[in-house]
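S.K.: Okay, here's the structure, questions in a sec.
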């Protein structure tokens, strides 16, 4: 199971660790309803997510509202053999905010290097996610996936109605280097609660597929210089913003 699992904890420093795990659910570090965390200089190869940020499930997590926030991940190297290298969710019912990730190298990702996942019934929020200087190697299905409708098991007591749809805003990705796979898959987003604010800037490298988007407001795409993809660079439904035109 999870190698390191801080829960309901504040002011955590995790530095210069080497973590190796195999098998399903063999996550490296799972932060669960924690605040003020720095993960620095870690080398993690896992059977599942390298790092996953969580905050509870369904009405229990929503009622407690113990968020994971103010997390800084820096100068790390990640590889996984089952899922993603950096994951947010799918347990997000206490909310997740103010996450900063810098200077990270992904050498292998079974699915995506970065995965934001939740579902209707979780409720709460995922907001203010900033990623800068991320290098994704060739052994990855893609760079980024956002899946907010059906990821993870439904809770025995989900958050009902409009409150059960996660609120998402302010996702920022800059200085990204990619080598193969899909650049962005972000179509599993509720039209009732679009992502409010998404930016992807200064991206270079090669990809097999471009950027697929749905239900995003105030998107910004700038300096996307990738080659090798088939079809259109952008596919967008109910998306507003700037830079959504394939460069000449």
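S.K.: With n ≥ 4 as the cut-off for DSSP H runs, can you work out [θ] at 222 nm for the chain, using -39500 (n - 2.57) per run divided by the number of residues, rounded to the nearest 500? Don't skip to the answer; put the middle values down first.
M.R.: On the way: 1 runs with 7 residues, N = 248.
About -500 deg cm²/dmol.
S.K.: Still on this structure, I have one more. Viscosity 1.567 mPa s, temperature 4 °C: what is the translational diffusion coefficient of segment 156-207 from Stokes-Einstein with a Kirkwood Rh over Cα pairs, rounded to a whole number of µm²/s?
M.R.: My calculation gives 96 µm²/s for D.
S.K.: Between residue 100 and residue 156, what is the label-point separation in nm under the 7 Å Cα-to-beta-carbon projection?
M.R.: Between residue 156 and residue 100, the label points sit 4.0 nm apart.
S.K.: Where is the GNM fluctuation largest for the chain (alpha-carbon springs, 10 angstrom cutoff): 220, 178, 203?
M.R.: 220
S.K.: Hey, what does the equivalent ellipsoid look like for segment 108-147, semi-axes from the Cα gyration tensor as sqrt of 5 times each eigenvalue, largest first, whole Å?
M.R.: 23, 14, 5
S.K.: Packing-wise, with mean Cβ within 10 Å as the measure, how do 113-121, 231-239 rank, highest first?
M.R.: Order by mean packing, descending: 113-121, 231-239.
S.K.: Further, regarding this structure: For the pair residue 242/residue 163, report the inter-label distance in nm, with labels modelled 7 Å from Cα in the Cβ direction.
M.R.: Result: 3.8 nm between the two label points.
S.K.: Oh, and also: What is the log10 of I(q)/I(0) for segment 1-101, computed with the Debye formula using one identical point scatterer on each Cα and no solvent, at q = 0.10, 0.14, 0.15, 0.21 Å⁻¹?
M.R.: Evaluating at q = 0.10, 0.14, 0.15, 0.21 Å⁻¹ gives log10 I(q)/I(0) of -0.23, -0.46, -0.53, -1.01.
S.K.: Give me the one-decimal nm value for the distance between modelled label points at residue 36 and residue 16, 7 Å along each residue's Cα-to-Cβ direction.
M.R.: Computed distance between label sites residue 36 and residue 16 equals 2.4 nm.
S.K.: What are the semi-axes of the equivalent ellipsoid for the chain, taken as the square roots of 5 times the Cα gyration tensor eigenvalues, largest first, in whole Å?
M.R.: One finds semi-axes of 26, 23, 15 Å for the chain.
S.K.: Antiparallel DSSP bridges in segment 10-242: what percent, to the nearest 5?
M.R.: Antiparallel bridges: around 0 percent, rounded to the nearest 5.
S.K.: Given segment 125-248 reduced to its alpha-carbon atoms as identical point scatterers, what log10 I(q)/I(0) does the Debye formula return at q = 0.10 Å⁻¹?
M.R.: With one equal scatterer per Cα and no solvent, log10 I(q)/I(0) is -0.32.
A short reminder: the numbers here are calculations on the coordinates, not readings from a lab. None of the values given here were measured: they were computed from a predicted structure. Please note: Cβ atoms are built from the backbone with ideal geometry, for glycine as well, and neighbour counts cover all protein chains shown.
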